[in-house]
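First the structure, in the form of structure tokens, and then the observations on it.
The values are calculated or read from the model by the stated rules, or taken from the named source; none is laboratory data. Remember, it's a predicted structure, so these values are computed and weren't measured experimentally. All Cβ positions, glycine included, derive from the backbone under ideal geometry; neighbour counts span all protein chains shown.
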Amino acid sequence: MRLFDARLRTATRSHAELVRRYELWRTVIEFLAALLFVVGSVFFFYDALLFAGTWLFLIGSILFGVRPCVRLLLELHLLRLDVPKEFRPLGLEESDRADDAGHRGSEHRG
């Protein structure tokens, strides 16, 4: 299977539980980022809090950047989990080999 293959998310109970945990962390990160942006926006109304508001925006921006990293880590983690043969969709191995051959063939074309 490949990165971002939706079938991996529900291949086994272990896969589904892993997705649930990563999604929880992504939601927490996104909520914190949004909260920092809102508080930073309010801070911009007061000169004394302008510096702190700038820092809140920066931290919120970093958190929004962390979110896709968590998604990529999830996908890499899903690829490492074993998918028992009985949970693989019918013909999965053949289609994956054909996809890989097609991608390799397109790399060598000019």
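Side notes on the structure shown:
Quick grid of which residues meet (1) modelled with pLDDT of 95 or more; (2) within 23 Å of the chain's Cα centre (by Cα); (3) over 28 Å from residue 24 (Cβ atoms); (4) among the basic types (Lys, Arg):
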| residue | (1), (2), (3), (4) |
| --- | --- |
| 45 | yes, no, yes, no |
| 54 | yes, no, yes, no |
| 64 | no, yes, no, no |
| 91 | no, no, yes, no |
| 98 | no, no, yes, no |
| 110 | no, no, yes, no |
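- Any hit, the stretch 78-85, residues being without any contact (Cβ under 8 Å) to a residue 40 or more places away in the chain, within 20 Å of residue 3 (Cβ to Cβ) and not in a helix (DSSP H, G or I): yes
- Within this structure, residue 27 passes the test of being polar (S, T, N, Q), within 20 Å of the chain's Cα centre (by Cα) and assigned to a helix (DSSP H, G or I).
Every residue, every condition in (1) at pLDDT below 95; (2) within 28 Å of residue 9 (Cβ to Cβ), yes or no:
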site: 26; (1), (2): no, yes
site: 39; (1), (2): no, no
site: 50; (1), (2): no, no
site: 68; (1), (2): yes, yes
site: 72; (1), (2): yes, yes
site: 75; (1), (2): yes, yes
site: 80; (1), (2): yes, yes
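- Identity of the residue in the stretch 1-17, assigned to a loop (DSSP other than H, G, I, E, B) and either of a type in the set (Ser, Thr, Tyr) or in contact with a helix residue (DSSP H, G or I) (Cβ under 7 Å, 6 or more places away or on another chain) (or both), that ends up surrounded by the most Cβ atoms within 10 Å (Cβ to Cβ): 11
- Look at the stretch 31-51: where a residue is touching a residue at least 40 places away in the same chain (Cβ under 8 Å) and over 14 Å from residue 65 (Cα atoms), no partner that is surrounded by 11 or more Cβ atoms within 10 Å (Cβ to Cβ) and basic (Lys, Arg) sits 6+ places away or on another chain with Cβ atoms under 7 Å.
- Residue in the stretch 42-52 that is part of a helix (DSSP H, G or I) and of a type in the set (Ser, Thr, Tyr) present: no
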